[in-house]
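To start, the structure under review is shown below, and the notes come after it.
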Amino acid sequence: MPVRIALYLIIACGIQFGWIMTAQAAINFDELLKQTRNIRADEAKQAAQRLTNFRNQLASQERKVNEASAKRNAAEATSNALSKQFDANEARIKELRLLLEQHQGNLGELFGVTRQIAGDAANVLQDSLISVQFPAAEGEEDRVTFLRREAGAKELPSISELERIWFELQREMTESGKVVRVTTDILQMDNSSTQKAEVVRIGSFTAVGGEDYFTYLPSRQMLAALSGKIDGRLQNIAGELTSQTSGDKYLPAVVDPASGALLSMYVQRPDWRDRIRTGHLVGFIIIGVGIIGAIVALIQYVYLFITQFMVARQLKDRNHPTANNPLGRLLLAIKNNATANDSSDVIELRISEAVLREVPKLERFQAFLRLAVAAGPLLGLIGTVIGMIITFQTITASGASDPKLMANGIGQAMIATVLGLGIAIPLLFVNAGLASLSRGLVQVLDENSTGLLADRIRSKRK
């Protein structure tokens, strides 16, 4: 367009100033006109080409719109068809469910009972050590997994599944009343390796091998040896049961209703040495006081029993006193020291002196035993206070009242109390026995001394 305007201006100028144009200018004007026509033809051709392109693009867009509309209409038709099919399927499902309920009749209740029984049986068999004797065959579910699947099933079980449920229950009941030998895997102490071993299974309660007892691990479905100190009597029972080759006689056995859980708790109990060590220094002091008291009490008991025997012999023969017993020494003291000119008061004092000389030997160690009886509970109280201090320190340090963390302090407190009472109560009875024996012997001496005094007074009056 700008070229065309320029050409028009040139033509106008040429017309306006044509008087100055020469022949050469006329020739240039024709060429310019020719060029103008050529440019106009090219522009018309380009405009026609653009118009054609625009029309082609418009036709293409209209064709795409038509295709999209056709797809949308087809999708709407498909959606409507599927919606109708869905509604029809829903109605058909309701009809089939109603028909299924009508055909099931009592089978619905049977299905519910079957699932309940399967769930209860799965919980029982999960903790039953009989499972180690009947592992699942290759490519088959183990009995616990099978029963749990049946307990959560949404459809009626088949005849074969019902038969297996009945079979597993029947086998569990039958095997619970048997004592059999089983070769199975035993989990080792490292909790990673296993070893084949022969064990004797007592129903669903206990499993023993040699002198060892085993507990059942439901998570791994295998046996593991109990960790702890097994009592020698229990080991002998297990060894005798394992070595028995025939079933012609009855043998004692340990039965654990919890499949080894109670035995695990039993073997982990601390023995008396562990309990004494729990008391620490105070506990050893209490035990030391108790041992010393027991030794001196034993020594005094032996002395008093011998003395009682010798005094009894001397009572049978008072005319021949000996110095190996208190009564004999009393008689000798009066015989050797008393004279005929002594008054009754002097004789009484000499007899009292001889009796008092024998009393300390008869009542020795009783004061120490009374002290031990009184000191035992006090020492136990000291241990209790120390244990509670340790417990409070543990709570303060940890910031939580964890029973495992407090067990050491509480154990020390309780053991100290028990030890203090444990020495005080026996020593109290021991001291009472010693006091009774010594009072009996002193009573014998008093009776005989009074009799001697009466004889001397009577002889002087004569």
Lone unmet requirement of (1) at pLDDT 80 or above; (2) in a loop (DSSP other than H, G, I, E, B) for D342: (1)
Hey, R220 surrounded by 15 or more Cβ atoms within 10 Å (Cβ to Cβ) and basic (K, R) or not: no
Enumerated strands (runs of 3 or more DSSP E) restricted to the range 192-261, each holding at least 3 residues that are within 20 Å of P135 (Cα to Cα) and of a type in the set (A, V, I, L, M, F, W, C): 194-202, 222-225
Any hit, the range 97-111, residues being surrounded by 14 or more Cβ atoms within 10 Å (Cβ to Cβ) and either among the polar types (S, T, N, Q) or within 30 Å of V182 (Cβ to Cβ) (or both): no
Complete set of residues in the range 265-301 that are at pLDDT below 70 and either among the hydrophobic types (A, V, I, L, M, F, W, C) or surrounded by 18 or more Cβ atoms within 10 Å (Cβ to Cβ) (or both): W272, G279
Test: residue in the range 204-221 that is of a type outside the set (A, V, I, L, M) and touching a Lys or Arg at 6+ places or on another chain (Cβ under 7 Å): no
Per-region count, the range 205-237, residues basic (K, R) and closer than 21 Å to A136 by Cβ: 1
Residues of the range 115-149 classified as part of a helix (DSSP H, G or I), touching a residue at least 12 places away in the same chain (Cβ under 8 Å) and out of contact with any Pro (no Cβ under 6 Å at 6 or more places or on another chain), total: 18
Residue identified as within 30 Å of I117 (Cβ to Cβ), among the basic types (K, R) and either part of a loop (DSSP other than H, G, I, E, B) or over 26 Å from the mean Cα position of the chain (by Cα) (or both) among R181, R164: R164
From the options L58, L110, L82, L96, residue that is in a helix (DSSP H, G or I), at pLDDT below 85 and farther than 30 Å from Y216 by Cα: L110
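The values are calculated or read from the model by the stated rules, or taken from the named source; none is laboratory data. Quick caveat, the model's predicted, so the values are computed rather than measured. As a convention, Cβ positions derive from the backbone with ideal geometry for all residues, glycine included, and neighbour counts pool all protein chains shown.
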